[in-house]
1. Cα to Cα, under 28 Å, and not fewer than 8 places away if on the same chain: which lysines meet these conditions relative to Lys14?
2. Within the chain, what's the longest run with no GluC sites (Glu not before Pro) in a DSSP loop and at most 14 other beta-carbon atoms within 10 Å? Give the range, please.
3. So the label point goes 7 Å from the Cα of Lys88 along Cα→C-beta, right? Which residues of region 45-69 then have their backbone N under 11 Å from it?
4. For the chain, what is the calculated [θ] at 222 nm in deg cm²/dmol (nearest 500), taking -39500 (n - 2.57) for each run of four or more DSSP H residues and dividing by its residue count?
5. Picking from Leu23, Leu145, Leu129, which is most flexible by a Gaussian network model of the chain using Cα springs under 10 Å?
6. Which of Leu177, Leu11, Leu154 has the fewest other C-beta atoms within 10 Å, and how do the rest follow up to the most?
7. What does the charge add up to near Met39, with Lys and Arg as +1, Asp and Glu as -1, over the other residues with Cβ less than 10 Å from its Cβ?
8. Could you name the lysines whose alpha carbon sits less than 21 Å from that of Lys115, not counting residues in the same chain fewer than 8 places away?
Amino acid sequence: MNSLADNAIMLKVKSGDLDKMGLLFERYHRPLYGFLYRMTGEKEASEDMVQNVYYRMIRYRNTFTGDGEFKTWMYHLARNVVNDYFKKNKVRHQDVSEVEARIGGGTLADEEIQKQQEINLLNNAIASLPEESREVLILSRYQELKYDEIAGILKISEGNVKVRVYRAIQQLKSIYLKLEQ
């Protein structure tokens, strides 16, 4: 996806061509949902939050300058939506629910069961991270944003992002190993 094209589309939305928002929705609703789901662990709430982010994009379109990347601005709005959700519900991120291994009409291979258990363990380890660490890890590893993009979203230096990602990975390894035992 071309960031210049995204910026141009958003500038058209800013100038009043609201129909162009559909293009941005088609491009980014899945990655945005993934970010929100990984932050909250709640499917329905994440779906609602995606809509809320796009509503805010339209409502606050005049704040988009086009100087930075559209994705940076979008994830900044998404972070605010997540923070509002946690404040409103007076909860922090809950453990990601265990995905049950379903055996239908037979048994799953031992390798598949082992892989699913490892995925569940990893999801629980990610859910156990402090919010700041989980957020930077999700943005860098799952959303595949570059460090400079994350720096723009979090309004910190790129070097600080690198340090946070490194520390988050170290925390994740430690939590994963504890959960594994």
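Every read-out reported here was derived from the displayed coordinates using simple, explicitly stated rules and does not represent laboratory data. Source: prediction; values computed, not measured. No Cβ is skipped: glycine too gets one built from the backbone with ideal geometry, and neighbour counts run over all protein chains shown.
1. List returned: Lys71, Lys146, Lys155.
2. That would be 1-97.
3. Inside the label zone: 45-46, 48-53.
4. Value at 222 nm, helices only: -23000 deg cm²/dmol.
5. In the Gaussian network model the winner is Leu23.
6. In order of increasing Cβ crowding within 10 Å: Leu177, Leu11, Leu154.
7. Cβ neighbours under 10 Å give a net charge of 0.
8. In chain and number order, the partners are Lys173, Lys178.
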